[in-house]
Amino acid sequence: MSECTAVLMDNSESTRSGDYVPTRFSAQTDAVNLLAGAKTQAHPENTVGVLTMAGKTPQVLVTPTQDLGRVLNCMTEIDVEGSSNFSAAVQIAQLALKHRQNKNQRQRVVIFVASPIKEDRVSVQELGNR
């Protein structure tokens with residue numbers, strides 16, 4: 001079964017931490033590259049989109065696409081800034097998945113979190129149940 005995956009990257013100031021070599025942000029970038037490659041190669045109709053969670057507002061960098069080059073290229077355009085907005089980013093990812101081209105695809109959200117989540121447990125569970 002084909003999948004449409006939205007990958008949320010934490011690009012907040014917390015990702016500058018050096019507890020992962022060289023930084024948390026670099027580790028996330030490598031993981032997203034591997035994940036996108038694996039997803040697009042697993043099934044010919046799989047699509048992957050990339051979103052950021054920090055900055056003024058969470059942003060969709062790449063809408064779900066089969067083009068691995070677009071996903072890899074967007075990684076160079078991400079700036080580390082501000083604090084992450086977890087709930088808004090997840091809601092935007094859900095909206096992007098709702099408007100996917102192929103409605104027969106399963107929806108997946110992969111979230112990389114490198115900073116503390118400000119929302120309480122109940123609101124995060126409600127967000128996940130949608």
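Of note:
- With θ taken as phi - 60° and the Karplus curve 6.51 cos²θ - 1.76 cosθ + 1.60 applied, the whole-hertz 3J(HN,Hα) list for segment 27-42 is 5, 4, 4, 4, 5, 5, 4, 5, 5, 4, x, 5, 5, 6, 8, 5 Hz, x standing for glycine and proline.
- Proximal charge balance of Lys56 [Cβ under 13 Å; K/R count +1, D/E count -1]: -2
- Expressed in units of 2.2 N^0.38 Å, where N is the residue count, the Cα radius of gyration of the chain is 1.02.
- Computed label-point distance, nm, for sites Leu35 and Thr23 using a 7 Å Cα→Cβ extension: 1.9 nm
- Derived scalar couplings ³J(HN,Hα) [segment 68-75; Karplus, 6.51 cos²θ - 1.76 cosθ + 1.60; whole Hz; x for Gly, Pro]: 5, x, 5, 5, 5, 5, 5, 4
- Peptides 117-125, 77-85, ordered by how many other C-beta atoms sit within 10 Å of their residues on average, highest first, read 77-85, 117-125.
- For Thr65, the residues whose modelled amide H falls within less than 5 Å of its own, excluding neighbours fewer than 5 places apart on the same chain, are Val48, Gly49.
- Using just its DSSP H runs of length 4 or more, each adding -39500 (n - 2.57), the chain gives a mean residue ellipticity at 222 nm of -11500 deg cm²/dmol after division by all residues.
- A simple rule links phi to the HN-Hα coupling: the Karplus curve 6.51 cos²θ - 1.76 cosθ + 1.60 with θ = phi - 60°, which for segment 11-19 gives 10, 7, 4, 5, 6, 6, 4, x, 6 Hz, with x for Gly and Pro.
- Net charge over other residues, Cβ less than 12 angstrom from the Cβ of Gln66 (K, R count +1; D, E count -1): 0
- Relative contact order for the chain, counting Cα pairs under 8 Å that sit 6 or more residues apart, in percent: 36 percent
- The residues of segment 1-89 have, on average, 48 Å² of accessible surface per residue, using a 1.4 Å probe with all protein chains present.
- Inverse of mean 1/r across different Cα pairs in segment 87-130, Kirkwood, Å: 11.8 Å
- Amide H contacts of Val110: Ala6, Val7, Leu8, each under 5 Å away and 5 or more positions distant or on a separate chain (H built 1.01 Å from N in the peptide plane; Pro and chain starts excluded).
- Share of carbon and sulfur in the accessible heavy-atom surface of the chain [1.4 Å probe, %]: 50 percent
- As a calculated quantity, the FRET efficiency between Asn73 and Arg130 at R0 = 35 Å, using C-beta atoms, amounts to about 0.70.
- Toward the positive end of the charge dipole of the chain, with +1 on the Cβ of Lys and Arg and -1 on the Cβ of Asp and Glu, the farthest Cα among Ala31, Ser83, Ala42 is that of Ala42.
The values are calculated or read from the model by the stated rules, or taken from the named source; none is laboratory data. From a predicted model like this one, the values you see are computed outputs, not experimental measurements. Every residue, glycine as well, gets a Cβ built from its backbone with ideal geometry; the counts of neighbours run over all protein chains shown. Surface accessibility is based on the protein's heavy atoms, side chains included, excluding ligands, DNA and RNA. Shrake-Rupley method; radii C 1.70, N 1.55, O 1.52, S 1.80 Å.
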